[in-house]
Structures are given as structure tokens and as C-alpha cells.
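Written below as C-alpha cells is the structure these notes are about.
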Amino acid sequence: MSCVFTTVGEPEDISKLLVEYQKSHEETFKISGALVGGKVVDEAYIKQLAALPSKQEIRAKAVGTLKGPINGFVLNLRGLLQTLVVVLKAASEKPATKAS
């Protein structure tokens, strides 16, 4: 028996579903090939495609990678500004000395 699956989304999504289904139904379900982007591919390609992270996961990792240095910069800048405020406050509270 043969089945055909189609998707309008990303091929990784349906690949993940098919590979998961195959794991639980090894005796009755086998992936023999697929048509991805106009190319005929084999089962190994589908398994590799299923192992890839989704676009959403890749975007989340990219944002996390960019967020780290920005957070560090903001925290350093905040520390410097706090130090400046303390110094200015101390300078304003210090009694003025007369120059002779």
C-alpha cells in the first residue's frame, strides 16, 4: 500500500511527523521517498530533514545570540551612569571651598 502526503508549510514539519509515525509503526509504515522542492529524495534525506530545527527555533536561537551582548552593554552602561550619579551627588553635597 502507498500513501502520498502534501504540505503547504515547511517540508521539515511533515518530515518530522512522518519520521515519528514511522518509529511507532515500523512494521507497517516505511518511507520510501519524497518530492521536496521538485527533487526526488530518499528516506535518508527525509530523516535528515526531520532532524533539522524549525525556522522558529533557529530564529529564537539567533535572537538569543544577539540579545546577550546587548544586555551586557546595557548593564555596563547602567553601572557607569549610576557611578556618575553618585559622583555628581557627592560633588554637589561637598561644601564649596573659596579660592585664595
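Straight Cα distances below 18 angstrom link K16 to the aspartates and glutamates E26, D42, E43, E57, with same-chain residues fewer than 8 positions distant left out.
Per-residue ellipticity at 222 nm, computed for the chain from helices alone with -39500 (n - 2.57) per DSSP H run of at least four residues, works out to -21500 deg cm²/dmol. Net charge dipole, the stretch 53-94: roughly 120 debye, given to the nearest 20, about the Cα centre with Cβ charges of +1 for Lys and Arg and -1 for Asp and Glu.
Converting phi to 3J(HN,Hα) with the Karplus coefficients 6.51, -1.76 and 1.60 and the offset θ = phi - 60°, the stretch 20-33 yields 4, 5, 5, 4, 8, 9, 4, 6, 10, 10, 9, 8, 9, x Hz in sequence order, with x at every glycine or proline.
Proximity of backbone amide H atoms, modeled 1.01 Å from N, is registered between V36 and V41 at under 5 Å, excluding neighbours fewer than 5 places apart on the same chain.
Sequence gap at least 6, Cα distance under 8 Å: using those rules, report the relative contact order of the chain to the nearest whole percent.
21 percent
Evaluated with a Cβ-only charge set (Lys, Arg +1; Asp, Glu -1), the stretch 28-100 carries a dipole of roughly 300 debye about its Cα centre, given to the nearest 20.
Distance from the alpha carbon centroid of the stretch 78-92 to that of the stretch 1-26 works out to 61 angstrom. Packing, as the average of other Cβ atoms within 10 Å across residues, places the peptides 44-50, 83-89 in the order 44-50, 83-89, highest first. Estimated translational diffusion coefficient (Stokes-Einstein, Kirkwood radius over Cα pairs, 10 °C, 1.306 mPa s) of the chain: 84 µm² per second. Seen against the Cα atoms of the chain and their longest principal axis, helix 55-93 is set at about 10 degrees.
Of the residues P53, G72, V86, the one whose Cα sits farthest towards the positive end of the charge dipole of the stretch 53-94 is P53 (charges of +1 on Lys and Arg Cβ, -1 on Asp and Glu Cβ, taken about the Cα centre).
Readers should treat all values here as calculations from the given coordinates under stated rules, not as data from a laboratory. As the structure is a prediction and not an experimental result, all values here were calculated from the model. So basically every Cβ, Gly included, is an ideal-geometry build from the backbone, and we count neighbours across all protein chains shown.
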